[in-house]
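Report on the structure given below.
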Amino acid sequence: MKSVITLLIFAPLPVVPKLVKSAVEIIGIGGLVAGAEKWMNKKRGAMTDKVGKWRENKLTSQFGKHRREKAQLRNAQIRGGTYRGRGGFVNPRNWRSGANRRFNAMSGDFGQKRKLAGSAAALAEDNERMKAANAWIADNNMSSDRLAEIATGFTRDKDGKKVAADLSGISSYQRRAAMQALAPHMTSKQASDLAEASASFGDASLQKEAANAIAESGAKKAPWLGGKQLEAIKQGTYNEKE
């Protein structure tokens, strides 16, 4: 059966009708169709298996590469003494980073090089995460109000009272990206809310991003903000009453 089908595929066009007639006479049209279907299904199944394995191997390879790159960045930060992971004192990586930080401080130029390498690794990781966060903001096509909610962590009800915004699943990088996206068209009210919220962030990167976003929004939109207030926002000590 397979030989007959192969012969039909590769035979010159003028000869095909005669071959088909002969094949029908030998095995019957039903047998020919059934055989062709069986052969095609077998080939299709083999191709599907190959594609599936290729995709799996490619994803596994990409994930492995991602993990290796993250490990390299993390190790560079630990050597430089700039790594600060979760868990505080109970995290062994934090111990190693702290020990390296003290060692680098005592070892002159060598320690300074290690520290700079750690800072560069931390910056590289930060940049990669911010690229992903900015892409997330762009993909979701968010309104100015939603960006303000993510940036500040709250919204206001009809009476003007604060209501906590839903930030489940949203990282500090995504909040920073929201501030960056909001900055060019931030209203004076949004700038005021962001400045007020900055004191509760407890995250230096969010505080710095808030100060930068408010400064970028322009003096006309936030004339009450000067260098002193922006510095207070960066330090997390801003008080709207002062």
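Summary table below
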item: Answer residue from the range 139-159, given it is in contact (Cβ under 8 Å) with a residue 40 or more places away in the chain and under 23 Å from the mean Cα position of the chain (by Cα) and is surrounded by the most Cβ atoms within 10 Å (Cβ to Cβ) among those; result: Ala151
item: Filtered residue count, the range 143-182, keeping only those that are under 13 Å from Phe201 (Cα atoms) and among the polar types (S, T, N, Q); result: 3
item: The lone exception for Ala181 - which of (1) farther than 30 Å from Arg84 by Cα; (2) buried (at least 19 other Cβ atoms within 10 Å of the Cβ) it fails; result: (1)
item: Test result for Ala135, within 25 Å of the chain's Cα centre (by Cα) and closer than 30 Å to Gly169 by Cα; result: yes
item: Residue tally, condition over 22 Å from Ala124 (Cα atoms) and either in contact with a helix residue (DSSP H, G or I) (Cβ under 7 Å, 6 or more places away or on another chain) or surrounded by 15 or more Cβ atoms within 10 Å (Cβ to Cβ) (or both), over the range 88-105; result: 3
item: Single condition Met106 does not satisfy, out of (1) closer than 14 Å to Gly81 by Cα; (2) in contact (Cβ under 8 Å) with a residue 12 or more places away in the chain; result: (2)
item: Lone qualifier among Gly98, Gly108, Gly118, Gly81 - being small (Gly, Ala, Ser) and modelled with pLDDT under 75; result: Gly118
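The values are calculated or read from the model by the stated rules, or taken from the named source; none is laboratory data. The structure displayed is predicted, hence computed values, not measured ones. FYI the Cβ positions are ideal-geometry reconstructions off the backbone, even for glycines, and counts take in every protein chain you see.
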